Every structure is written in structure tokens, then in C-alpha cells.
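The values are calculated or read from the model by the stated rules, or taken from the named source; none is laboratory data. All of these numbers come straight from a predicted model, not from anything done at the bench. Counting neighbours? That spans all protein chains shown, and the Cβs are built from the backbone with ideal geometry, glycine included. Ligands, DNA and RNA are stripped out before the accessible areas are found, and what is left, the full protein with its side chains, is counted by its heavy atoms. Shrake-Rupley method; radii C 1.70, N 1.55, O 1.52, S 1.80 Å.
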Amino acid sequence: MEADRENKARWVKATVLTLLTASLLSILILPLKSNIFLVFPILGISFNVTIVYLIVSFRHLDMSKIFKNEKFALLLLLYAIVFSILDCTVIVGIRLSEDIDTAILLNAFQILCTSLLLVGLLAFSLLQPKPLFKMNTIKIIIFLFFSLNVLILFPTYLMNVLSGGYPRDVEKYYGIFYELSLSKAGFGQIYPFVKVSFGVLNALIVMFLTMQYARIKNAFVKRHYSVLYFGLVGIVAFELLIVIAVHYLFGIKIITFFGLVTVVFSFAIFYYLVRLQRTLMEIKKLTPQNISTKSGEVFIFLKDEIELSRDKLVEFLEKGFSMILFSSESDGDFFRDIADKYRDKTIYIRLTEEGYTLGNSHFASIKDIEGLETFPNNFNGIVVYSDTLTETLRFSAKTRKELMEFYRFLFRVLRRGAIIIAPVKREHLVISKAARTPNPVWLIRPFIVMRLEESMNELFSRIEPTKRERFISVLRYMRKDTLPFMGEENGHLFFDLNASMDRKNFSRAIRQIGKRLEEEKIVSLGDYHSIMRELFAKYGDDYEATVLTTDGEIHFVCWKNPREKAIKMLIFASGFRSACMIISRTNPHILKRKYNIPNNIRFRWLTSMSDSELALIPHLERVKKEIFNFIKEHEDAMIVLDGIEYLSKLHGFDTVMEFLWIVRDRLSMTEAVLIVPINPQIFEKRDIEILRREFSFIE
Amino acid sequence: MFRDSIKGLERIFHAEPPQGSITMIVGKPGTLKSSLAHAILSSYLWKHKGEKAVYITIEETEESHIRNMKSLGIAFPKNQYFIKDIASFKFEIAPENDFLQDDKHFNFIMQEISKPFGLYSTTAEENFPRLMALDSLNAFQNLFLIDARRLRFRMQDFFQRLRHRKISSLIIVEGDPEEMIPEYFMVDGVIEVGIDRSHPQMPKRYIVVRKMRGTKHEMAPYMLNITENGLEIGEPLIGWKK
């Protein structure tokens, strides 16, 4: 609060200072010569004075923190906008002004201020206790480009002015500046050299950035840098084109378009900072109390953002979160310090070649660490600090089996609502649509592939030995289009960890393998599903929600307690679908209490009672509209329609069939799913046969 | 008038009927025929400030219409929407008889009705209304004890004059839409409104376009919903059997 008040006061003072300076300069200068263009240099100087004041007043703050602050980026942006406007209009002002001496004095003073400002900014940042830019190469290059452009711009601009860039007698009008200028020293020869060198430097920077950009494999990172990269390349190209065109067409040398470059870069940097800031703000909202309502989240920091991830860890600990820390020796010092400082809130487990080290005890497998299984109830999150989730663990665990055990452990704690903070290498990261809360299991590609491997190996062990060879040949055949690269050693199947696979492909693979195995008479579909269901249950996975529900379809759930099953599927799916809804004949409050349904699931109550805000009049048209609107907003939603028997009684089975066909047609154009719990005994046999023929039944 | 009036009607009419079309709104009692006509005209006028409309009512008074529409959330734009109550001047010319018996009375009524539009005069008002509603044709015909064929002939002439003046008209007819009446063939469009009572606990109001010359339109029935903003067209009916 105190800091906020201080900040507010600081900004108010800055605004007042700007206005005062502008007023004072106007009073002093405008009576001498009232030319509208003189307003711009006056504003520019006032603004620069304000920036100097702000920098001085912020000097006690850590620059790296300031740079994360949107306000600082805004400041940078404002400065760039003002500078570029000034840059273009001062020249016009000078050309049109009759009082050239005043205009030039102002211009020179403005240039001096701005140059000092920039030098001061750079020096200030370099003198910070922590390095300002613990960023990757691209960001450093971009900042370098920004600074070089502006720093070189001013001297060349000044030289341009002084070396006769204007149609006036230089000696008469520039007086002492002419004496000091390089024109006398033959600037006419130096200037083109400076210009060409600068152009070559820009071109080199662009080439280097292109190479860096091309090396980015990760879509998430690439998206962020696209703005910066294409902005830079586009504007430089545009600027060069204009400069060359104007030079050859009109014989005029102009460099003022660099003002445009600075504006664009400021926008780009600001945009990037705002995007990053938003992600960090999401994390801020978590508390130890509210975290258990989520299905668990993974906060993945890219390798270059280690500082940020450490800051976040400290932030969580300060908030009262309890964390288990996994790291290799390279980060050991940091974590030992953290573990010491937050002794009652942390457990530090070191990853080594032999396995895991907790205190003075060593364990080969995570399963052997006593007491870890009880921790899910006592802690809020895990930090996995290593070079990558897979590499170090593979290195320390020796076998893929141990890696799977570790993943299972992570998954179990996530299911219980814990969070994970993990810096990972980009190529191991798969991020789906950023808007929704990700189910972290499905984010980690190698894990998905290993789950497939584990499932197939388990299945392999359960089928008859005489059929095993055929089983492997089926999988090999499917390798071409469905399964990632598969190998086999001593009856044990291996899948390529780097293979391309995500949640949807994984589910599709499981379904297709089952169908093929049944066709080949290796194992019946029913048995196959039973085995898979058992395997999925080990991860707390709902097999029906994950594998058996295909997108764009209506699935009837025919279970012992169909409504309960449908709702459980929905709750599970809410972890990886963007939105879920229940339309039910039962009062939502009763459903919520009975099935412990999370708050992020929307409800509609099929009733003609209009005084409830969740009421939906059971006209089929209105139900259809509700469903259509929902899937229009969330294309991969899951909806449970509980009360098909009621609707059939009300409207007649044939009308309900018509309704279901219309809904299915719409669903088929999306990735959404409609789940309908049904008790077949309530319907006529004929009606059930029609439903079975038209729709999928999960039973 | 249709695509640019009440919400959802543009889903039924894929194109606007030509200016000067005469459209019948037919339905049984209590199916919101008058309300629909009011809603279409007033919604259109709110969006087109320079236009005017006249609503000719035979049986109900102007005050009664205003009161009913207020209850449905339909508001009339001032100085654009005029309700002409025939009952008020009918009394002047035939206070004792319920029925007007000769052509003189018919002519007088027609001229009174047509005054705003200048149908029977050689000089037209500037900026005369281009929209009209007649509520209802049955009541209008019941005013006159004139031979039915002659009356029909005069009505046909009236419709032609409306078309000639390019006045788009809504003619309300009370009755069972399934029963064919000769007037159906005189008009350019027929809109049916009704209540689907196939499930007594869940009655649904609907609107369906039976005919609209020169205009692409949906043939399926749509829900006609009463909302706080007046009438709106809802979703296509599911399971409607007619």
C-alpha cells in the first residue's frame, strides 16, 4: 500500500513537472517567435526532463523488477512515440521557421537531452546489482539494435543538420556549430561511410536474428518472438526501401524513418512484456486455499526464464505454500538455501546418477522414498528443477521404468490439486491452446509416448503367448500411420520418445489398436477395453472420458448408475476440455453436493420454474439453442444431457430423435461431445435399437 | 420491412419482399396476430426514422391497442406510427346501424382509411406513410352488408391501389389457416401464427411463412417468443406436425 501510494505520488509529480517545464519554455520562447512547430521541441524537452526525473526517483529499485513492470514498458513506449514525432516535425519546423537560431538551439538542446537520457538509461541498467538482461540472445540483440539505432541516429542527425542538409548558407546560420562541425574536416567524405556502415550493421543484425529465429522449434516461444522478429525485419526493410527510393527519386537523404523503427520496437517489447506479465499474474492468483479446487496446474518456465521461475517459487513459499523440491546438483546451492530458509515448508530431494537423495538417505526409485505418498495431503506443489524432466531423470533413474514411476507420482499429486513448477527444454514442450487450464500430463510428449509403451507392454503380457507375435506385427503395421516408431527387445516394446503424439492422437491410437486386435482375433474388444480401463485407472484416468468419447459425437452412457458415470466423465474431462456443462432434470444444487462438482462446470436446470436463474424451459428448441451457443463459444466442450427420459415423455420419442439428429449434425462440425446417460429399461425396445443404430453407446 | 424489424425475422426471410407487397397474417384467436403486426411495424420504424405507418383498427380502440402492446414491451415511435380507429368515425356516419349498407358508406370509409396514403385522390401528401396494417379483414368485411362478390371486388381494387402506391401492407385475418379463403389469392404473402399444443404442458407459439411472392424464405415453423424486448423469433420448431 505504501509502495503504491509512493508510486502514485511519483507519477503525479512527473506529470506536473512535464506541464511546468512546457509552460516555462513556452513563456520564454514563444514570445520570441510564435511558430506552431516550436511546440514540438518544447514538449520533447519537457518530456525528456520528466524522464530524467523518473529515472532518478526510481534509482533505488531493482531495474530487473522495473523492466518486468508494465509501467516501465509504457514509459519506453511513450518516449519512443514522442521522440519519433519530434524527430519528424522538428525538421519541418526548422524549415518553416523564420527564426532559425531559436529553432536550432532548441533542436540541439533536445538532441543533447535525449542523448544524455539514453546514455544514462544504459549506464543505470548496467550498474544494477543483478544483470538486467538475463535473457536469451534474441532479446539482447533486439535491445542492442534499439540502442545502436538511436545512439548512432543522433550524431548522424546532428551532422546532417550541420553539414548542409538544409537549403541555407551554413556559415551564416550555424555560426559556432559550423566551426565545431565535421564539415570543415571534410565531413562530406565521412557521412556516406557512416551511413553505409550503419546499414551494413543493421543487415548483419537482421541476418543473425534470422538464424536465431529459425532455430526456435517450440511453437509457444516462436509465437512470442514472431512479433519481435517480423516487426524488426519488416520495418528495417520498409525503412531501407523508403530511404533508397527517396534518395534516388528526389536526391534527398533522410534518416528520420528510424523513428518508426523505434516506435515499432517499443510496441513489440511492450507486447511481449504484457504477455509475460499476464502469465505471471495468473500464478499470483493462487493461494494454498484455492489451489485444491483445481485439478492441478503445471507452470512451465522456459530454460531461459530460470530467474523468473525461482522468483515464483519464492513467491509461493512466502504465501505459505509447501513444496517438494527436486533438482540435480547444478542447481543444488539455490535449493539448499531455499530448503534452509523455508525448513517447515520444503522437502529437498536431489537427483543423482544413482537415484534420489533425501538428506543422508539414497533411494533407487521414488517408490522407495518413505512418506512421500502421504505428502500429497500435506503439500501444495512440486518443483522439478533439472536440465529437463526427461534427461536428468533418465540419467539418474537409469531405466525408462523409473521415469514412468516418477511421472505417475507427478500425475497423482496433480490429480489432488498440486501445482508443478518446471523449467524444461523447448523441444520437449507441447503446449496446446493457451487459453485453458492444461492437464499437464498431456503436455509432456515423452510421457504420452511412454504411457502408450506401458499400455502395450501390459497388454502384451496378458495375451496368450501364441498370439504375441501377431500382436507385434499388428503394431508394426500400424506404425506407418498411427503409432510412433516402435522397437522391440526381448519381448519388450519401445516407442520413440521424441515421436509426435498428443492427447488426441494417443486416444485415437488406443481405439484403433483395439479395433485392429479384434479384427485379427488376437483379443476381443471387450477384453481389450477392460485391460485398458484397468491400466488407465492406475493413473486415475477415466478411460471412457479419455479414449471412448470421440469428438463431434453423441455418446449414450449405459452404466449401472449412468448419471453418476456421465458426471464423473465430465469432471475428469474438465481438466483438458475448455469448458463443460450439465443440463439436467435435477436441481443443480443437489447435483453439486452429491457429486462434488467443481465450480468451473456450467449448469442448466430443465424445469418450467422460471424463477431460478439456471432454469431452462424444456422446449427442445431452447435446449438445442443452449447447446449450440455453448459449443459455439467452446468448440471442444463436453456437455452432459441428463434427462433424456423426461424429454421423451414430454415431447415424444420421435421428436427427441429429430432433436438428437440436429444436435449431432452440429456437433460433427466441432470437437465437442454430448454425453447422454440412459437407462435402457425405461424405453421401448424398438426405441433403444434405433438409438444404438444411430449413436455410440458406452457400456 | 421484415428483415429489418423484429429480431430473428431475417432468418425466415432471406430477402426482403418488394415494396408494396400485401401480406396476410392469419391465425386463430389469441395467436398474437395484432401484436406481430404492431411489432413488425414499430421495430421497423424505430430503425428508419423517416418512415411512417398507419395501423387501421376496426374493432379495438386505439387506447386498447396501446395498452396491450405496452404489456408486451412494444413501444410505438411518436410522429411515425398512427393508429386509425374506424369505430370512432363509423359511429358518425351510421350511429344506429351496425352495418353500413350502401356504397356511399363504403366509399366514405375507404376514403377515410386511404386519406394518409392518397389512394383515391389525384394529389398525394408529401411523405405519406408507406406501411399499413389493417386489423382485421374479417371485421372490415363484417362492417358492410354488401354483396360478398362486390365486396371482394372492391377489396381487390383497394389492394391494387396499395400496390400501385407501393405501400407495404399487413392484413390481419382471423381464422383457421388451413381453411382456404379467396383473399389468399389476392395477396402476395401469407404468414401463419399459431400455438402448437401437441404437448399441453408445453404450448409453443409459432410463426410460419406459407407464401411470399418473389422472396426466398424458410418454409419451416419458428418459435415466436415474447421477451422483455417485445416479440422475437426463436429456433425452428422440432417435431412440428401439420
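Mind checking which pairs have a first residue in the range A:630-647 that is farther than 16 Å from A:GLY552 by Cβ and a second that is crowded, with 18+ Cβ neighbours inside 10 Å and charged (D, E, K, R), Cβ under 6 Å, 6 or more apart or different chains?
Partner pairs satisfying both residue conditions: A:ASP642/A:ARG563.
What about B:GLU179, is it in contact (Cβ under 8 Å) with a residue 24 or more places away in the chain and among the acidic types (Asp, Glu)?
no
Filter the range B:211-230 down to residues that are away from chain A (no Cβ under 12 Å) and aliphatic (A, V, I, L, M) and give me whichever is nearest to B:PRO18 (Cα to Cα).
Filtering the range B:211-230 for residues that are away from chain A (no Cβ under 12 Å) and aliphatic (A, V, I, L, M), the one nearest to B:PRO18 (Cα to Cα) comes out as B:MET212.
Return yes or no: is A:MET669 within 14 Å of chain B (Cβ to nearest Cβ), assigned to a loop (DSSP other than H, G, I, E, B) and hydrophobic (A, V, I, L, M, F, W, C)?
Here the answer is no, as A:MET669 does not meet what is asked.
Could you list, in sequence order, the residues of the range B:213-226 that are crowded, with 21+ Cβ neighbours inside 10 Å and of a type in the set (A, V, I, L, M)?
Selection gives B:MET223, B:LEU224.
Can you name the residue in the range A:596-611 that is out of contact with any Cys (no Cβ under 8 Å at 6 or more places or on another chain) and surrounded by fewer than 16 Cβ atoms within 10 Å (Cβ to Cβ) and is also farthest from the other protein chains (Cβ to nearest Cβ) among such residues?
Per the criteria, the residue is A:ASN596.
Determine, yes or no, whether B:GLU126 is modelled with pLDDT under 70, farther than 25 Å from B:ARG154 by Cβ and either in contact with a strand residue (DSSP E or B) (Cβ under 9 Å, 6 or more places away or on another chain) or surrounded by fewer than 18 Cβ atoms within 10 Å (Cβ to Cβ) (or both).
In short, yes.
Run A:TYR646 past the list (1) closer than 22 Å to A:ILE601 by Cα; (2) open to solvent by 10 Å² or more (accessible area, probe 1.4 Å); (3) more than 10 Å from every other protein chain (Cβ to nearest Cβ) and report the number of the one that doesn't hold.
Failing condition for A:TYR646: (1).
Hey, any hits in the range B:6-15 for a residue that's within 25 Å of B:MET110 (Cα to Cα) and surrounded by 15 or more Cβ atoms within 10 Å (Cβ to Cβ)?
No, there is no match, as no residue in the range B:6-15 is within 25 Å of B:MET110 (Cα to Cα) and surrounded by 15 or more Cβ atoms within 10 Å (Cβ to Cβ).
Can you say whether A:VAL673 is open to solvent by less than 10 Å² (accessible area, probe 1.4 Å) and closer than 25 Å to B:ASN225 by Cα, as far as the supplied structure shows?
No; evaluated as a whole, the condition is false for this residue.
Keeping to the range B:184-210, report how many residues are away from chain A (no Cβ under 14 Å), modelled with pLDDT of 90 or more and surrounded by fewer than 19 Cβ atoms within 10 Å (Cβ to Cβ).
1
Given the structure, is B:LYS166 open to solvent by 20 Å² or more (accessible area, probe 1.4 Å), over 24 Å from B:ARG11 (Cβ atoms), touching a residue at least 24 places away in the same chain (Cβ under 8 Å) and under 18 Å from the mean Cα position of the chain (by Cα)?
Yes; evaluated as a whole, the condition is true for this residue.
Within the group A:LEU614, A:LEU591, which residue is farther than 19 Å from A:VAL676 by Cα, away from every other protein chain (no Cβ under 14 Å) and in contact (Cβ under 8 Å) with a residue 24 or more places away in the chain?
A:LEU614
Hey, among the residues in the range A:544-558 that are among the polar types (S, T, N, Q) and in contact with a strand residue (DSSP E or B) (Cβ under 8 Å, 6 or more places away or on another chain), which one's least open to solvent (accessible area, probe 1.4 Å)?
Per the criteria, the residue is A:THR549.
Have a look at B:ILE167, B:ILE233 and point out the one that is in contact with a helix residue (DSSP H, G or I) (Cβ under 9 Å, 6 or more places away or on another chain), closer than 20 Å to B:SER21 by Cβ and modelled with pLDDT of 90 or more.
Selected residue: B:ILE233, the only one of B:ILE167, B:ILE233 that is in contact with a helix residue (DSSP H, G or I) (Cβ under 9 Å, 6 or more places away or on another chain), closer than 20 Å to B:SER21 by Cβ and modelled with pLDDT of 90 or more.
Restrict the check to the range A:559-571 and report whether at least one residue is open to solvent by less than 30 Å² (accessible area, probe 1.4 Å), in contact with a helix residue (DSSP H, G or I) (Cβ under 7 Å, 6 or more places away or on another chain), more than 14 Å from chain B (Cβ to nearest Cβ) and not acidic (Asp, Glu).
The answer is yes, given that some residue of the range A:559-571 is open to solvent by less than 30 Å² (accessible area, probe 1.4 Å), in contact with a helix residue (DSSP H, G or I) (Cβ under 7 Å, 6 or more places away or on another chain), more than 14 Å from chain B (Cβ to nearest Cβ) and not acidic (Asp, Glu).
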